[in-house]
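The values are calculated or read from the model by the stated rules, or taken from the named source; none is laboratory data. What you are looking at is a predicted structure, and each value in this text was computed from that prediction instead of being measured. Cβ placement follows ideal geometry from the backbone for every residue including glycine, while neighbour counts extend to all protein chains displayed. For the accessible areas, the whole protein counts, side chains as well, though only heavy atoms, and no ligand, DNA or RNA atoms are used. Shrake-Rupley method; radii C 1.70, N 1.55, O 1.52, S 1.80 Å.
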Amino acid sequence: MVTAVTDTRTHTPNATPARPTAKVRRRGDRSRAASVGLHATLIVASVIAVFPVLWVLLTSLKPAAYATTTDFFKETTFENYTKLLADTPFLTWFGNSLLIAGLTTVLGVFTAATTGYAVSRYRFPGKRGLMWTLLITQMFPMAVLIVPLYNIMSSLGLLNQAAGLVITYLTIAVPFCAWMMKGFFDTIPREIDESGMVDGLTPFGTFWRLILPLAKPGLAVTAFYSFVTAWGEVAYASAFMVGDENLTLAGGLQKFVNQYGAQWGPMTAASVLIAIPAAIVFLFAQRHLVTGVSAGAVKG
């Protein structure tokens, strides 16, 4: 005998489920106060970063009588730029700096890339010692090395020579860049090197034709660091170079400051012109900078 079981639960047709009254906050969502605080902080940081540059630019467009005032748009003139280019050896200093920075960049990129590739791919006696040497050289402040480097350059007859300053800047740029390039080459599969050898390429041919095109982000960072090192350095340029015809921009700018005062107009105009090449190099390298730095940092 089968007993029918009756479902005593009530069923309401076309019933819709109740919607939650409160919105569930997803993980990672910020509150309104946190969002406002974040944007306010970013705005303040942006103003702090841009204000000194804007101050220098506006000061370069003011007459000498208003150089130290806040009257930025009063009697705006390009007189500081015309006097700088016509009455001072600025173009000579600019050319010297461009030559030295260019040679430092080219030689620094080539030396760091070949060193980083060799350390990344090959085993040879003294490999560990070489890497430790490259690392330890970064621990010494630049001021400590001025005297020994000065004596070395003096004994080699390279004082007051562009070649001496290039070699000096390479001692700063190459160790760091070689470490970074080694870390970047570690991310490139070794099978690419093996395929190049199978196709009959020499080790250098494999490096030049197959590996370097894949290492553009690392090369961009290396080039940018080498250029900025040589372009904006002051201590070595002031100690190793004398004479208006041999000075770089770093040494030339000091001519506008003496014990009696400073020529703010020409100095700020020169500062604006000096920043242009560095900004151009940065614009060309910026899309590779994050990739190159992160790859070298993670794998180095």
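Total residues in the range 84-104 satisfying the condition of being surrounded by 18 or more Cβ atoms within 10 Å (Cβ to Cβ), of a type in the set (A, V, I, L, M) and within 13 Å of Pro266 (Cβ to Cβ): the figure is 1. Restricting the range 228-266 to residues that are more than 24 Å from Ser154 (Cβ to Cβ) and at pLDDT 90 or above, the residue that is nearest to the chain's Cα centre (by Cα) is Val228. Within the range 270-286, the set of residues being touching a residue at least 24 places away in the same chain (Cβ under 8 Å) and of a type outside the set (A, V, I, L, M, F, W, C) comprises Ser271, Pro277. Looking across the range 208-220 at every residue that is open to solvent by less than 10 Å² (accessible area, probe 1.4 Å) and assigned to a helix (DSSP H, G or I), the one that is farthest from Ile280 (Cα to Cα) is identified as Ile211.
Quick one: is Gly196 assigned to a helix (DSSP H, G or I), more than 29 Å from Thr248 (Cβ to Cβ), touching a helix residue (DSSP H, G or I) at 6+ places or on another chain (Cβ under 6 Å) and not aliphatic (A, V, I, L, M)? Yes.
In this structure, does Tyr81 turn out to be aromatic (Phe, Trp, Tyr) and surrounded by 16 or more Cβ atoms within 10 Å (Cβ to Cβ)? For Tyr81, the condition - aromatic (Phe, Trp, Tyr) and surrounded by 16 or more Cβ atoms within 10 Å (Cβ to Cβ) - is met. Does Arg190 satisfy being touching a residue at least 40 places away in the same chain (Cβ under 8 Å), touching a Phe, Trp or Tyr at 6+ places or on another chain (Cβ under 9 Å) and either of a type in the set (Asp, Glu) or open to solvent by 20 Å² or more (accessible area, probe 1.4 Å) (or both)? Here the answer is no, as Arg190 does not meet what is asked. Applying the criterion of being of a type in the set (Phe, Trp, Tyr) and part of a helix (DSSP H, G or I) to the residues of the range 118-157, the residue that is modelled with the lowest pLDDT is Trp132. Residues of the range 158-193 that are more than 30 Å from Leu247 (Cα to Cα) and not in a helix (DSSP H, G or I): Asp186, Thr187, Ile188, Pro189.
In the range 245-284, of all residues being open to solvent by less than 20 Å² (accessible area, probe 1.4 Å) and assigned to a loop (DSSP other than H, G, I, E, B), the one that is nearest to Trp55 (Cα to Cα) corresponds to Thr248.
Hey, does the range 122-134 have a residue that's farther than 28 Å from Ile280 by Cα, under 27 Å from the mean Cα position of the chain (by Cα) and loosely packed, with under 14 Cβ neighbours inside 10 Å? Yes, because at least one residue in the range 122-134 is farther than 28 Å from Ile280 by Cα, under 27 Å from the mean Cα position of the chain (by Cα) and loosely packed, with under 14 Cβ neighbours inside 10 Å. Is there a residue being surrounded by 11 or more Cβ atoms within 10 Å (Cβ to Cβ), under 24 Å from Phe227 (Cβ atoms) and more than 23 Å from the chain's Cα centre (by Cα) anywhere in the range 60-73? Scanning the range 60-73 turns up at least one residue that is surrounded by 11 or more Cβ atoms within 10 Å (Cβ to Cβ), under 24 Å from Phe227 (Cβ atoms) and more than 23 Å from the chain's Cα centre (by Cα). Every test in (1) within 20 Å of the chain's Cα centre (by Cα); (2) at pLDDT 90 or above; (3) buried (at least 17 other Cβ atoms within 10 Å of the Cβ); (4) of a type in the set (Val, Ile, Thr) is passed by Thr171 save one, and that test is (3).
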